[in-house]
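Enquirer: Following this message is one structure expressed as C-alpha coordinates.
The values are calculated or read from the model by the stated rules, or taken from the named source; none is laboratory data. As the structure is a prediction and not an experimental result, all values here were calculated from the model. Cβ placement follows ideal geometry from the backbone for every residue including glycine, while neighbour counts extend to all protein chains displayed. Only protein heavy atoms, including side chains, enter the accessible area calculation; ligands, DNA and RNA are left aside. Shrake-Rupley method; radii C 1.70, N 1.55, O 1.52, S 1.80 Å.
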Amino acid sequence: MTVQPMSAPIVPATPSSPVPDPTATSAPAPVTPLTPAASDRQDGPAPVLALSPGEEITTDLHLDALAPGEHHRDTLVVRYRAEEDAVVALRVECADPAAASRDVRVGVFEHAGELMPFPVFSGTLLDLARRDRAFGRWTGRGDGDDHEVVYEISTSVARDAAFPSAPADVTLHFTATRD
(Lines give C-alpha, C1' and ligand atoms only; values in the text may rest on other atoms or scores of the structure.)
Protein backbone atom coordinates (compact mmCIF):
# COMPACT_ATOMS: atom_id res chain seq x y z
CA MET A 1 0.00 0.00 0.00
CA THR A 2 1.35 3.44 -0.94
CA VAL A 3 0.49 6.42 1.19
CA GLN A 4 0.51 9.77 -0.56
CA PRO A 5 1.40 12.87 1.42
CA MET A 6 -1.42 15.37 1.79
CA SER A 7 -1.21 18.52 -0.32
CA ALA A 8 -3.26 20.62 2.08
CA PRO A 9 -3.74 20.53 5.83
CA ILE A 10 -6.93 19.12 7.31
CA VAL A 11 -9.22 21.91 8.44
CA PRO A 12 -12.00 20.77 10.74
CA ALA A 13 -15.46 21.84 9.62
CA THR A 14 -17.63 23.87 11.92
CA PRO A 15 -21.04 25.32 11.21
CA SER A 16 -19.39 28.68 10.48
CA SER A 17 -16.43 27.43 8.44
CA PRO A 18 -16.93 24.99 5.55
CA VAL A 19 -14.13 22.63 4.57
CA PRO A 20 -12.04 24.29 1.84
CA ASP A 21 -11.43 22.38 -1.38
CA PRO A 22 -7.73 22.79 -2.25
CA THR A 23 -8.35 21.62 -5.85
CA ALA A 24 -11.23 24.01 -6.58
CA THR A 25 -10.37 26.65 -9.15
CA SER A 26 -13.77 28.27 -9.51
CA ALA A 27 -17.25 28.18 -8.09
CA PRO A 28 -19.07 24.90 -8.65
CA ALA A 29 -21.55 24.79 -11.50
CA PRO A 30 -25.17 24.99 -10.41
CA VAL A 31 -27.11 21.74 -10.42
CA THR A 32 -29.69 21.67 -13.18
CA PRO A 33 -32.77 19.64 -12.27
CA LEU A 34 -34.01 17.01 -14.68
CA THR A 35 -36.63 18.39 -17.02
CA PRO A 36 -39.72 16.24 -17.38
CA ALA A 37 -40.73 15.48 -20.94
CA ALA A 38 -44.12 16.75 -22.06
CA SER A 39 -45.21 13.12 -22.49
CA ASP A 40 -44.36 12.43 -18.81
CA ARG A 41 -47.79 13.71 -17.85
CA GLN A 42 -50.10 10.72 -17.75
CA ASP A 43 -53.80 11.43 -18.05
CA GLY A 44 -55.91 9.24 -15.81
CA PRO A 45 -54.93 6.05 -14.03
CA ALA A 46 -52.21 3.73 -15.23
CA PRO A 47 -53.31 1.01 -17.67
CA VAL A 48 -54.06 -2.36 -16.06
CA LEU A 49 -53.08 -5.66 -17.69
CA ALA A 50 -55.01 -8.67 -16.33
CA LEU A 51 -53.04 -11.91 -16.40
CA SER A 52 -54.18 -15.53 -15.90
CA PRO A 53 -52.12 -18.72 -15.36
CA GLY A 54 -50.33 -19.96 -18.47
CA GLU A 55 -51.02 -16.70 -20.29
CA GLU A 56 -48.82 -14.05 -21.89
CA ILE A 57 -49.92 -10.46 -22.35
CA THR A 58 -47.97 -7.99 -24.44
CA THR A 59 -48.15 -4.24 -24.60
CA ASP A 60 -46.26 -1.83 -26.81
CA LEU A 61 -44.41 1.09 -25.29
CA HIS A 62 -43.27 4.03 -27.40
CA LEU A 63 -40.30 5.89 -25.96
CA ASP A 64 -40.33 9.48 -27.15
CA ALA A 65 -37.17 11.31 -28.21
CA LEU A 66 -35.57 12.97 -25.19
CA ALA A 67 -33.38 16.06 -25.12
CA PRO A 68 -30.25 16.06 -22.94
CA GLY A 69 -31.31 16.33 -19.29
CA GLU A 70 -34.86 15.21 -20.02
CA HIS A 71 -36.57 12.21 -18.44
CA HIS A 72 -39.79 10.28 -18.98
CA ARG A 73 -41.77 7.84 -16.90
CA ASP A 74 -44.45 5.33 -17.90
CA THR A 75 -46.50 3.38 -15.40
CA LEU A 76 -48.64 0.29 -15.81
CA VAL A 77 -50.25 -2.25 -13.50
CA VAL A 78 -50.16 -6.03 -13.88
CA ARG A 79 -53.02 -7.80 -12.09
CA TYR A 80 -53.02 -11.53 -11.39
CA ARG A 81 -56.16 -13.30 -10.18
CA ALA A 82 -56.59 -17.07 -10.18
CA GLU A 83 -57.14 -20.14 -8.01
CA GLU A 84 -53.55 -21.34 -8.46
CA ASP A 85 -50.12 -19.78 -7.92
CA ALA A 86 -48.06 -18.61 -10.89
CA VAL A 87 -44.74 -16.86 -11.40
CA VAL A 88 -45.19 -13.58 -13.24
CA ALA A 89 -42.20 -12.29 -15.19
CA LEU A 90 -41.37 -9.49 -17.63
CA ARG A 91 -39.43 -9.84 -20.87
CA VAL A 92 -38.71 -6.93 -23.21
CA GLU A 93 -38.38 -6.99 -26.97
CA CYS A 94 -36.99 -4.01 -28.89
CA ALA A 95 -38.30 -3.46 -32.43
CA ASP A 96 -34.86 -2.48 -33.70
CA PRO A 97 -32.12 -3.58 -31.26
CA ALA A 98 -29.38 -2.25 -33.56
CA ALA A 99 -30.79 1.27 -33.21
CA ALA A 100 -31.06 1.10 -29.40
CA SER A 101 -29.11 3.89 -27.80
CA ARG A 102 -26.37 3.72 -25.21
CA ASP A 103 -27.26 7.31 -24.26
CA VAL A 104 -30.75 6.45 -23.01
CA ARG A 105 -30.73 5.22 -19.41
CA VAL A 106 -33.59 2.87 -18.48
CA GLY A 107 -34.81 1.89 -15.04
CA VAL A 108 -37.60 -0.62 -14.48
CA PHE A 109 -39.09 -0.61 -11.01
CA GLU A 110 -41.89 -2.65 -9.50
CA HIS A 111 -43.83 -2.19 -6.31
CA ALA A 112 -46.84 -3.71 -4.65
CA GLY A 113 -49.06 -2.40 -1.88
CA GLU A 114 -47.27 -0.07 0.48
CA LEU A 115 -43.78 -1.33 -0.41
CA MET A 116 -41.17 0.98 -1.88
CA PRO A 117 -40.41 0.60 -5.61
CA PHE A 118 -37.79 -2.09 -6.20
CA PRO A 119 -35.40 -1.87 -9.17
CA VAL A 120 -35.57 -4.94 -11.41
CA PHE A 121 -33.51 -3.49 -14.27
CA SER A 122 -31.06 -0.62 -14.60
CA GLY A 123 -28.94 0.05 -17.66
CA THR A 124 -29.04 1.52 -21.13
CA LEU A 125 -31.68 1.01 -23.79
CA LEU A 126 -29.09 -1.06 -25.66
CA ASP A 127 -28.63 -3.30 -22.58
CA LEU A 128 -32.39 -3.74 -22.36
CA ALA A 129 -32.69 -4.52 -26.08
CA ARG A 130 -30.01 -7.21 -25.80
CA ARG A 131 -31.44 -8.85 -22.68
CA ASP A 132 -32.60 -12.34 -23.62
CA ARG A 133 -34.22 -13.54 -20.41
CA ALA A 134 -37.15 -12.52 -18.23
CA PHE A 135 -36.73 -10.42 -15.10
CA GLY A 136 -38.85 -8.87 -12.37
CA ARG A 137 -40.28 -12.20 -11.23
CA TRP A 138 -42.96 -12.28 -8.54
CA THR A 139 -45.45 -14.91 -7.40
CA GLY A 140 -49.12 -14.33 -8.08
CA ARG A 141 -50.95 -16.04 -5.23
CA GLY A 142 -53.70 -18.41 -6.26
CA ASP A 143 -56.23 -17.41 -3.64
CA GLY A 144 -58.85 -15.94 -5.98
CA ASP A 145 -58.03 -12.35 -4.94
CA ASP A 146 -56.49 -9.64 -7.10
CA HIS A 147 -52.72 -9.27 -6.72
CA GLU A 148 -51.22 -6.24 -8.44
CA VAL A 149 -47.73 -5.04 -9.13
CA VAL A 150 -47.09 -1.56 -10.47
CA TYR A 151 -44.31 -1.26 -13.04
CA GLU A 152 -42.59 2.06 -13.59
CA ILE A 153 -40.36 2.41 -16.64
CA SER A 154 -38.13 5.44 -16.36
CA THR A 155 -36.00 6.73 -19.25
CA SER A 156 -33.56 9.62 -19.30
CA VAL A 157 -30.72 11.17 -21.24
CA ALA A 158 -27.72 12.65 -19.44
CA ARG A 159 -27.55 16.44 -19.23
CA ASP A 160 -24.18 16.42 -20.97
CA ALA A 161 -25.24 14.19 -23.89
CA ALA A 162 -24.18 15.55 -27.25
CA PHE A 163 -27.50 14.82 -28.98
CA PRO A 164 -31.13 14.09 -28.16
CA SER A 165 -32.19 10.46 -28.22
CA ALA A 166 -34.13 8.94 -31.08
CA PRO A 167 -37.63 7.59 -30.43
CA ALA A 168 -37.80 3.84 -29.83
CA ASP A 169 -40.48 1.17 -29.62
CA VAL A 170 -40.34 -1.73 -27.19
CA THR A 171 -42.78 -4.54 -26.46
CA LEU A 172 -43.31 -5.66 -22.88
CA HIS A 173 -44.18 -9.37 -22.48
CA PHE A 174 -45.72 -10.41 -19.17
CA THR A 175 -46.10 -14.14 -18.59
CA ALA A 176 -47.70 -16.16 -15.80
CA THR A 177 -46.26 -19.65 -15.58
CA ARG A 178 -47.46 -22.27 -13.12
CA ASP A 179 -45.05 -23.29 -10.39
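Enquirer: Taking the condition more than 24 Å from E70 (Cα to Cα), in contact (Cβ under 8 Å) with a residue 24 or more places away in the chain and not in a strand (DSSP E or B), does D160 pass?
Expert: The answer is no for D160.
Enquirer: Let me ask something else about it. Quick check on L115: is it more than 15 Å from S52 (Cβ to Cβ), in a helix (DSSP H, G or I) and of a type in the set (A, V, I, L, M, F, W, C)?
Expert: Here the answer is no, as L115 does not meet what is asked.
Enquirer: Please work out which residue is modelled with the highest pLDDT, limiting yourself to segment 102-121 and to residues that are open to solvent by 70 Å² or more (accessible area, probe 1.4 Å) and closer than 25 Å to A162 by Cα.
Expert: Here the residue is R105.
Enquirer: For segment 46-58, how many residues meet the condition of being closer than 13 Å to Y151 by Cα and exposed (fewer than 14 other Cβ atoms within 10 Å of the Cβ)?
Expert: Result for segment 46-58: 3.
Enquirer: Scan segment 127-144 and report the pairs whose first residue is open to solvent by 80 Å² or more (accessible area, probe 1.4 Å) and whose second residue is assigned to a loop (DSSP other than H, G, I, E, B), with Cβ atoms within less than 7 Å and a gap of 6+ or a chain change.
Expert: R141/D85
Enquirer: Under the condition of being among the hydrophobic types (A, V, I, L, M, F, W, C) and part of a loop (DSSP other than H, G, I, E, B), which residue from segment 61-88 is farthest from P47 (Cα to Cα)?
Expert: Here the residue is A67.
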